[in-house]
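Worksheet for the structure shown next.
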Amino acid sequence: MNIRINDYFKLKLMPILTRVLPLILLLYILILIFSNTVNAAEDRVYHISGYNINININTDGSTDIEEYITYSFSGKFNGVTFDLDLSGTKGIGNSEVFILKQGQQVPVEKSNSEKPGTYLYTSGNEKVNFKVFEPSENEEKTFIYKYTLFDAVTRYKDIAEFNRKMIGTGWEVQIENVFIKATLPDGASKDDIRVFAHGPLTGVSQIIDHKTIEFSVPLLPPETFVETRILFPTSL
């Protein structure tokens, strides 16, 4: 009886096991890889803990803009990306990238090397992209983008307008503590200025004086924009 069972095992079961075992082993390896990938993704999260924007509106219709974006990283990251929409303008110039370290703005070199401390700049379809290579782990870090937008002001017969989505819908994480400050050229009175903001209902806009306007949003949900619209005399 034992001989018959052994013969049956050799003749019938062994070929089946020979074919099935490699498949089982492969499936096990794939499960391990997928599990590690999911765990790694879950270990890497971030949000924006602060977003400050300074807008300086010039007499020639251009705007000098500085964006200070503070990331709160949990886990290891190799860098960040920043997309900028150029629609409604005649393009961008004077772009620079900095990282705030110990209170100092440290310049980031524009380069295709993808080495730490550099950034890659690409453009197309009325958009530009900054890819900054800066290793970060379990820390807060502020990235600074400075640039000029040309012809960002629309001038009508009786009024001039700056209207722009300063924060677009491309952010997939929540943004805390949004603060936007816009500065007009000298020559207007406070009564000459009109301000409108579009975005979350928790946002606040106010005219500080004859040339300063401020916008603030305490918490911006993912994929939510903040739009600023400022009307002022064409003589500025």
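The values are calculated or read from the model by the stated rules, or taken from the named source; none is laboratory data. Since the model is a prediction, treat every value here as computed from it, not as a measurement. Note that each Cβ is placed from the backbone with ideal geometry, even for glycine, and that neighbours are counted across all protein chains shown.
Tabulated values for the structure
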quantity	calculated
Condition broken by Val108, with the remaining ones in (1) within 16 Å of the chain's Cα centre (by Cα); (2) surrounded by 18 or more Cβ atoms within 10 Å (Cβ to Cβ) satisfied	(1)
Scope the range 173-184; condition of a type in the set (A, V, I, L, M, F, W, C) and assigned to a loop (DSSP other than H, G, I, E, B); matching residues	Val173, Leu184
Cβ pairs under 6 Å, 6+ apart, first in the range 52-63 and farther than 30 Å from Lys141 by Cα, second at pLDDT 95 or above and assigned to a loop (DSSP other than H, G, I, E, B)	Thr59/Pro185; Gly61/Asp151
Test for Val153: is it closer than 16 Å to Gly50 by Cβ, out of contact with any helix residue (DSSP H, G or I) (no Cβ under 6 Å at 6 or more places or on another chain) and assigned by TED's automatic domain parsing to the domain that holds Phe98	no
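The rows are residues; the columns are (1) within 14 Å of the chain's Cα centre (by Cα); (2) at pLDDT below 95.
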site: Ser123; (1), (2): no, yes
site: Glu126; (1), (2): no, yes
site: Lys131; (1), (2): yes, no
site: Glu137; (1), (2): no, no
site: Thr142; (1), (2): yes, no
site: Tyr147; (1), (2): no, no
site: Phe150; (1), (2): no, no
site: Thr154; (1), (2): no, no
site: Lys157; (1), (2): no, yes
